[in-house]
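This report concerns only the one structure given below.
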Amino acid sequence: MAKTRREFTPEFKREAVALLESSGRPQMQIAAELGIQPSMLRQWRTTLMGSPPSLRAAGSPGTASASPVASPSDQAAEIARLRRELDRTRMERDVLKKAIGIFAEMPK
């Protein structure tokens, strides 16, 4: 069974690289959160850092790594990551609550 090749928008690639540059977290961790291979993220970073600043910054002055304040795309990527993490944590909490209820009902 052949897998279909996923395609990512230039905006997604820029945001992924911006997240990598601004977060200070390992490339492996960010790639896992985004559901991509680390080599893909590394290739995007190499491509974007070698491209003209107009493509890199997506219309904002300077580069994402030169600015101490996170750009809106960095903030959006971080918000999306935190929402995914919150959803997963809520799901885990609900499973644990159900398990506690089941075990509380069991005869000793």
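Quick notes on this structure:
- Answer residue from the stretch 18-31, given it is over 8 Å from the mean Cα position of the chain (by Cα) and free of Cβ contacts under 8 Å to residues at least 40 places away in the same chain and is nearest to Ser71 (Cα to Cα) among those: Leu20
- Boolean, Gly24 is at pLDDT below 90 and out of contact with any helix residue (DSSP H, G or I) (no Cβ under 9 Å at 6 or more places or on another chain): yes
- Exactly one residue among Ala18, Ala31, Ala80 is in contact with a helix residue (DSSP H, G or I) (Cβ under 8 Å, 6 or more places away or on another chain), assigned to a helix (DSSP H, G or I) and at pLDDT 90 or above, and that residue is Ala31.
The values are calculated or read from the model by the stated rules, or taken from the named source; none is laboratory data. Small disclaimer: the values here were computed from a predicted structure and weren't measured. Heads up, the Cβs are rebuilt from the backbone with ideal geometry, glycines too, and the neighbour counts pull from every protein chain shown.
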